[in-house]
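A.B. asks: Please read through the structure below; I'll follow up with questions.
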Amino acid sequence: MLAIRKFAACAVALGALTATTAAIAEEKPSIVTVVKVTGENWFTRMNEGVDAYGKENPGVATSQVGPGKADAAQQGRLIEDLVAKKVAAIAVVPMDASALEGVLKRASQRGIKVITHEADNMKNTLVDIEAFDNKVFGARFNEKIAECMGKSGKWTSFVGSLGSLTHVQWADGGSENAKKYPEMELVSEKNESFNDANRAYEKAREILRKYPDIKGFQGGSAIDVIGIGRAVEEAGLQDKTCVFGIGLPKDTGSYLESGAVDGISFWDPKDAGYVMNKVADMVLKGEELKDGMDLGVPGYEKVTVKKGAGEGVIVVGQAWVDVDKLNYAKYPF
């Protein structure tokens, strides 16, 4: 009988311990990263950084979600669900920054810490993280296009959407740079691909039909150059066009090899995912973000911190990487 009583007491104690452990697990702060679209290689790579931060920092739970297609309304609904669940922090890469102001304001009002990326005009964020100065980045693309085109001829620009702030900033930076070259003519600017390579392909084909003498293409979303490159390759215009844009080596390697795409630039989405979650964790802990601080990954070793559009701040790195046919194979993503 005594043995039975001891066993029962141990069972009660074990049950209490299990319940306490579960409660502690549930209390672990949850940082959820919300991306523009699930399945795109860019955001698959970003998820690696999200996971890496969570593994290195077991005091927080990190995860990533995104809509099945690049759609601001779907992304907004995902955030609404996270607000209802009262997660500790949301790190979001907005499809359309203006469309998310309302839901992110509600998140902030409920005590959820909001971190953004690629959205330096957002008001309802505590910290927006930029990999670099976006207009400078766009100007660098255009300078490459200008050199390739001999500083004369027609060129065009692509964006994921007109609501994708950084894409528009890159396009504007490019058009501003092109003003240095009076013989360059911008036509049909800011073509929307909605982060869909097939849409970029169809739009590029349409532009090639309308402007058969066009020389330059500046891609905005991470997969625009895939669609543009395909259209250029099918038309046999590799040696007559100049295609530069944001992209990843794994996606564009075949077009870099054929010459249909002349060069790409990017920042490592894995590092951006890591930094977003690190900053979210710092905000949750009440730690200060300081100008010149090192956030621990390449391109963010000495960040600039400046006032944001609202009450928050903007953290700016210098994390761009330039890639062409000669060096793209060095990057396994």
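The values are calculated or read from the model by the stated rules, or taken from the named source; none is laboratory data. Values in this document were obtained by computation on a predicted structure and should not be read as measured data. Quick reminder, even Gly has a Cβ in these numbers, built from the backbone with ideal geometry, and neighbours come from all protein chains shown. Side chains included, ligands, DNA and RNA excluded: accessible areas come from the protein's heavy atoms. Shrake-Rupley method; radii C 1.70, N 1.55, O 1.52, S 1.80 Å.
A.B. asks: So, in segment 126-148, exactly how many residues are open to solvent by 10 Å² or more (accessible area, probe 1.4 Å) and farther than 18 Å from V303 by Cα?
C.D. replies: Number satisfying all stated conditions: 6.
A.B. asks: Can I ask one more? Please verify whether F333 is at pLDDT below 95, open to solvent by 20 Å² or more (accessible area, probe 1.4 Å) and not small (G, A, S), treating the condition exactly as stated. Walk me through it before giving the result.
C.D. replies: Working: at pLDDT below 95: yes; open to solvent by 20 Å² or more (accessible area, probe 1.4 Å): yes; not small (G, A, S): yes.
Judged against the criteria, F333 is a match.
A.B. asks: Pairs, please: C-beta under 6 Å, at least 6 apart or cross-chain, first residue at pLDDT below 95 and in segment 143-170, second open to solvent by 10 Å² or more (accessible area, probe 1.4 Å)?
C.D. replies: So the pair list comes out as G163/D96; L165/N121.
A.B. asks: Separate question: Answer yes or no as to whether I223 is in contact (Cβ under 8 Å) with a residue 40 or more places away in the chain, of a type in the set (A, V, I, L, M) and out of contact with any helix residue (DSSP H, G or I) (no Cβ under 6 Å at 6 or more places or on another chain).
C.D. replies: no
A.B. asks: Of everything in segment 61-83, what is open to solvent by less than 10 Å² (accessible area, probe 1.4 Å) and closer than 15 Å to M276 by Cβ? Give them in sequence order.
C.D. replies: The answer is I79, and nothing else.
A.B. asks: While we're here: Any chance you could count how many residues in segment 151-196 are closer than 23 Å to N41 by Cα, of a type in the set (A, V, I, L, M, F, W, C) and either assigned to a helix (DSSP H, G or I) or open to solvent by less than 10 Å² (accessible area, probe 1.4 Å) (or both)? If you could, list the steps in order and put the result at the bottom.
C.D. replies: Taking segment 151-196 first, the residues closer than 23 Å to N41 by Cα are 157-171, 190-196.
If we keep only those that are of a type in the set (A, V, I, L, M, F, W, C) too, we end up with 158-159, 162, 165, 168, 170-171, 194.
Narrowing the set further to residues that are either assigned to a helix (DSSP H, G or I) or open to solvent by less than 10 Å² (accessible area, probe 1.4 Å) (or both) leaves 158-159, 165, 168, 170-171.
Selection size over segment 151-196: 6.
A.B. asks: Right, here's the next one. Give all pairs with beta carbons closer than 9 Å in which a residue from segment 298-316 that is on the phi > 0 side of the Ramachandran plot meets a residue that is of a type in the set (D, E, K, R) and buried (at least 16 other Cβ atoms within 10 Å of the Cβ); count only pairs at least 6 apart in sequence or on separate chains.
C.D. replies: Taking only residues 6 or more apart or on different chains, the pairs are G299/D268; G299/D271.
A.B. asks: For segment 73-99, name all the residues that are under 25 Å from K285 (Cβ atoms), part of a helix (DSSP H, G or I) and under 17 Å from the mean Cα position of the chain (by Cα).
C.D. replies: Once the filter is applied, which keeps residues that are under 25 Å from K285 (Cβ atoms), part of a helix (DSSP H, G or I) and under 17 Å from the mean Cα position of the chain (by Cα), segment 73-99 yields only I79.
A.B. asks: Additional query: Tell me which residues, restricted to segment 288-316, are touching a helix residue (DSSP H, G or I) at 6+ places or on another chain (Cβ under 8 Å), open to solvent by less than 60 Å² (accessible area, probe 1.4 Å) and in a loop (DSSP other than H, G, I, E, B).
C.D. replies: Residues satisfying the conditions are L289, L295, G296, V297, G299, Y300.
A.B. asks: Quick test for you: out of Q75, Q64, pick the one residue that is in contact with a helix residue (DSSP H, G or I) (Cβ under 6 Å, 6 or more places away or on another chain) and among the polar types (S, T, N, Q).
C.D. replies: Exactly one residue qualifies, and that residue is Q64.
A.B. asks: Taking segment 248-261 as the search range and keeping residues that are touching a helix residue (DSSP H, G or I) at 6+ places or on another chain (Cβ under 7 Å) and in a loop (DSSP other than H, G, I, E, B), which one is farthest from V37 (Cα to Cα)?
C.D. replies: Step one: list which residues in segment 248-261 are touching a helix residue (DSSP H, G or I) at 6+ places or on another chain (Cβ under 7 Å), which gives 248-253, 255-256, 258, 260-261.
Filter once more, keeping what is in a loop (DSSP other than H, G, I, E, B): 248, 260-261.
Details: L248: 16, A260: 26, V261: 24 Å.
The extreme case among them is A260.
A.B. asks: In this structure, does T33 turn out to be out of contact with any Leu (no Cβ under 9 Å at 6 or more places or on another chain), in a strand (DSSP E or B) and at pLDDT 95 or above?
C.D. replies: Taking the combined requirement at face value, the residue satisfies it.
A.B. asks: Condition first: at pLDDT 95 or above, touching a Phe, Trp or Tyr at 6+ places or on another chain (Cβ under 7 Å) and part of a loop (DSSP other than H, G, I, E, B). Now tell me which residues in segment 222-247 satisfy that.
C.D. replies: Passing the criteria: T241, G247.
A.B. asks: If you scan segment 118-150, which residues turn out to be under 15 Å from E189 (Cα atoms), under 18 Å from the mean Cα position of the chain (by Cα) and either assigned to a loop (DSSP other than H, G, I, E, B) or not small (G, A, S) (or both)?
C.D. replies: F141
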